[in-house]
Amino acid sequence: MRTLQILLLLCLLPGLFFASASSASENPDLHLSKDRSLSVERLWQFQRIGNPVVSPDGKLIVASVTGYDVAADKANGRLWLFSADGKQQRPLTAEGLRASEPTFSPDGNTLAFISQRDKDDAGQIYLLPMQGPGEARRLTEVPTGVYGIKWVGQHLYFISRVWPDKNWDEMKAQLKTNKDSKMSGRQWNALPYSHFDHWIDESRQAHVYRIAASGGEVQPVTQPFGRELPRSSQSAGSYDIHPQERYIAFNSNGWDNQVDAKIDVFLARLGSTEAINLTPDNQAPDSSPQFSPDGKSLAFSQQRIHGFYADTANLVVYDLARNSSRVLTADWDRSVSNFVWASDSRGFYSSIDDAATNRLYFIDARSGKPRAITKATSFGQPALAGNRLIATNDSFLFPARLVSIDPRNGNTTRLDNFNDDILSQVDLGTYESVTYKGVEGKDIQMWVHYPPGFDKSKKYPLFLLIHGGPHNAFTDSFSYRWNSQTFSSWGYVSAWPNFHGSSGFGQDFADAINPDWRTKPLADIQAATQWFENHSWIDTDRMVAGGASYGGYLTSILLGTEHPFKALLIHAAVYNIYSQMAADFAVHSTRFGGYWENPEIYKAISPHYFAGNFNTPTLVIHGQLDYRVPVGQGFELFRTLQMRGVESRMIYFPDENHWILKPNNSIYWYNQVKDWMTKFAEPGAK
């Protein structure tokens, strides 16, 4: 068992100008409370650090830091400045004014970021001088707002969703008309109509624009090509600008079919009217284009199986002079979906989903050979700081913190002191990684979390969790929505298995459950349950289980199958695969055909077909704004349980999406889950 002591995890870095974001003196409840568990209330006291950006000279680091006012039910995000030597930590932007997407100028003297302040109707680019005193000044006045910013050469580039046939004044007028209109109807003539938690206006398109850093006219970049960025989702990763501002590379749908978009990489000279499709023969997504620092190459991520979002993403390098591509990582059974070029253009650094841990890797740009930099705990996407890397680092036992990493050996140095005061008031449990035999005798990795003060001579209840996706994984990372230590602090041993279909264990393992979502994952969960039943410290009369999204789907499958669990939690579940057609995606239809083409697939795996076996007390939870798994799924399941006379409870959030994100809703969610599980499986040792 890996026993981790919290005092070893928390090291305060001394130094000049070190300002703490919060302290015990500012949180008197930390002193008064006798509860030393990682409660949900404590989760909402943590400061949450975003991905860092580094100044060109590698000396300064800026990251967004978000705290929450539970009483007001609001987030308070601001930018913080850190030094790479660990001697400085201070707020950079004012409290109460949201700021995001920090971006340094090429000379490092100015920081650009997005904020909505004064009388801005939408987010705009602001510029803040980094030398001496000075206030941030607004650079843009784009009525449709800006996001996805990059600073290259003398220009700032950004994305905006616009009406392509209107000028800025006409768009401003259209926005006012829409705001004042008493008509709320929406119209679609083609897909997509939604993405995750918002509706998509098909009359608007996402395009890249630019503006000189000194101000002036906003210039269209992608609009002259007659190609928009992908309709469902766009970000700064959807495009890149050549370091000498010669080219733009961007993602766009490569064919007219909007039902199953073909995301390609397009290349164009800035100022031209023609964009060339670099990936016309690949129907699967090509994404995240990035030019090399020397300007000679373009790298991007490429999948090969259309309709399989967990298909291994290979790193591809396109030679701009030779107009030729080569796949670097074809022989590596891991996905490279996000990466950053090394400063000498000889390789890449990336955070890789690797066997239940997000590890940093270096990938050689010639051979494609990967080299692991870090081993234990998880790391976010790195940024370059001279001969070191800067990234966030988190684990099951601590939230994200800012660290500097030596890329030669993975040694880390802590750069911040956020959340130490809170963690010093908490008694954490322990955890370990175990392996058991799943379906067909294959090894299955599983995290096991033990409550604080665990004593193997006693018996504990089991809370088994099932992850979503299905092609995701439980990694050694800190979660605010389903926190392993919070669940275990209630007095449960909690289990987090990475069953067949999980990501990070290779292509064959991930694809083993398609199109049959049911059989192998169910067998792996049953085997995990048996693994615990064979241990003397588990009370087999006090076992519960739950999951969300696909995890809710598989828990619904458990509900209709013989199992030993006394109660179930089913959150945002795909319960009826037929009615899942109302979502922003349809299960299996792209790759295996619709239910009218292959009805036997859907009938074999849809949980609602097994409703005649439902007899386990079940807590059902769903959010109205969930367009990934529409809310009707939850109500269908709840009505079925009620009609069958099964003890059940439905919790509905009118203002939440697929996830429960608001502080007070989250606290209520955790407390309701605890109340439900306690009713059927009393927590604590016996």
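The values are calculated or read from the model by the stated rules, or taken from the named source; none is laboratory data. All values reported here derive from a predicted model rather than from experimental measurement. All Cβ positions, glycine included, derive from the backbone under ideal geometry; neighbour counts span all protein chains shown. To get the accessible areas, we keep the full protein, side chains included, count just its heavy atoms, and leave off ligands, DNA and RNA. Shrake-Rupley method; radii C 1.70, N 1.55, O 1.52, S 1.80 Å.
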Could you list, ordered by first residue, the pairs with Cβ atoms under 9 Å in which the first is in the range 111-131 and of a type in the set (Lys, Arg) and the second is surrounded by fewer than 16 Cβ atoms within 10 Å (Cβ to Cβ), at least 6 apart or interchain?
Arg117/Ala94; Arg117/Arg138
Would you confirm, using the coordinates I've provided, whether Thr555 is more than 21 Å from Phe635 (Cα to Cα), in contact (Cβ under 8 Å) with a residue 60 or more places away in the chain and out of contact with any helix residue (DSSP H, G or I) (no Cβ under 7 Å at 6 or more places or on another chain)?
no
I'm trying to understand the selection: among the residues of the range 577-621, which are open to solvent by less than 20 Å² (accessible area, probe 1.4 Å) and closer than 18 Å to Tyr193 by Cα?
Gln580, Ala583, Val587
Select from the range 54-73 the residues that are of a type outside the set (Val, Ile, Thr) and under 22 Å from Phe379 (Cβ atoms) and write down the one among them that is most open to solvent (accessible area, probe 1.4 Å).
Lys59
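Just checking, how many residues over the range 405-439 are free of Cβ contacts under 8 Å to residues at least 40 places away in the same chain and either under 30 Å from Phe509 (Cα atoms) or within 26 Å of the chain's Cα centre (by Cα) (or both)?
Step one: list which residues in the range 405-439 are free of Cβ contacts under 8 Å to residues at least 40 places away in the same chain, which gives 406, 408-409, 411-412, 435.
With the extra rule that they be either under 30 Å from Phe509 (Cα atoms) or within 26 Å of the chain's Cα centre (by Cα) (or both), the set shrinks to 406, 409, 411-412, 435.
Residues flagged as free of Cβ contacts under 8 Å to residues at least 40 places away in the same chain and either under 30 Å from Phe509 (Cα atoms) or within 26 Å of the chain's Cα centre (by Cα) (or both) within the range 405-439 amount to 5.
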How many residues does the range 483-511 hold that are among the hydroxyl-bearing types (Ser, Thr, Tyr) and open to solvent by 10 Å² or more (accessible area, probe 1.4 Å)?
2
Which of the residues that make up the range 465-486 are within 15 Å of Met446 (Cβ to Cβ), out of contact with any Gly (no Cβ under 7 Å at 6 or more places or on another chain) and of a type outside the set (S, T, N, Q)?
Phe474, Asp476
Based on what the data block shows, is Val439 more than 25 Å from Ile667 (Cβ to Cβ), surrounded by fewer than 20 Cβ atoms within 10 Å (Cβ to Cβ), in contact with a helix residue (DSSP H, G or I) (Cβ under 7 Å, 6 or more places away or on another chain) and among the hydrophobic types (A, V, I, L, M, F, W, C)?
yes
Tell me which residues, restricted to the range 259-296, are among the hydroxyl-bearing types (Ser, Thr, Tyr), surrounded by 19 or more Cβ atoms within 10 Å (Cβ to Cβ) and either in contact (Cβ under 8 Å) with a residue 60 or more places away in the chain or in a loop (DSSP other than H, G, I, E, B) (or both).
Thr279, Ser292
Looking only at the range 362-392, which residues are in a loop (DSSP other than H, G, I, E, B), among the polar types (S, T, N, Q) and under 30 Å from Glu432 (Cβ atoms)?
Thr374, Thr377, Gln381
Taking the range 622-639 and keeping residues touching a residue at least 60 places away in the same chain (Cβ under 8 Å) and either open to solvent by less than 30 Å² (accessible area, probe 1.4 Å) or more than 13 Å from Ala582 (Cβ to Cβ) (or both) leaves Leu625, Asp626, Val629, Gln633, Gly634, Leu637
Among what's in the range 333-356 and is among the acidic types (Asp, Glu) and more than 18 Å from Ser292 (Cβ to Cβ), pick the residue that is most open to solvent (accessible area, probe 1.4 Å).
Asp333
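Could you identify the single residue in Asn51, Asn76, Asn27 that is closer than 30 Å to Asp655 by Cα, within 27 Å of the chain's Cα centre (by Cα), modelled with pLDDT under 95 and open to solvent by 30 Å² or more (accessible area, probe 1.4 Å)? Lay out the reasoning, then the answer.
On the way: Asn51 fails: modelled with pLDDT under 95; Asn27 fails: within 27 Å of the chain's Cα centre (by Cα).
Answer to the check: Asn76.
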Out of (1) open to solvent by 30 Å² or more (accessible area, probe 1.4 Å); (2) part of a strand (DSSP E or B); (3) more than 30 Å from Tyr431 (Cα to Cα), what's the single condition that is false for Arg359?
(3)
The lone condition Gln234 fails out of (1) more than 28 Å from Tyr193 (Cα to Cα); (2) in contact (Cβ under 8 Å) with a residue 60 or more places away in the chain is (1)
Selection within the range 386-401 - buried (at least 22 other Cβ atoms within 10 Å of the Cβ) and over 18 Å from the mean Cα position of the chain (by Cα)
Leu389, Ile390, Leu397
Scan (1) within 26 Å of Asp107 (Cβ to Cβ); (2) surrounded by 12 or more Cβ atoms within 10 Å (Cβ to Cβ) for the single condition His195 breaks and write down its number.
(1)
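Just need a number here: residues in the range 301-324 that are without any contact (Cβ under 8 Å) to a residue 40 or more places away in the chain, of a type in the set (A, V, I, L, M, F, W, C) and assigned to a strand (DSSP E or B).
Narrowing the range 301-324 to residues without any contact (Cβ under 8 Å) to a residue 40 or more places away in the chain: 301-304, 313-314, 316, 319, 321-324.
Restricting the remaining residues to those that are of a type in the set (A, V, I, L, M, F, W, C) gives 313, 316, 321.
Add one more test, that the residue is assigned to a strand (DSSP E or B), and what stays is 316.
Adding up the residues that qualify gives 1.
Of these, Ser203, Ser233, which one is farther than 17 Å from Asn167 by Cβ and either open to solvent by 40 Å² or more (accessible area, probe 1.4 Å) or in contact with a Pro (Cβ under 9 Å, 6 or more places away or on another chain) (or both)?
On the way: Ser203 fails: farther than 17 Å from Asn167 by Cβ.
None of the others qualify; the one that does is Ser233.
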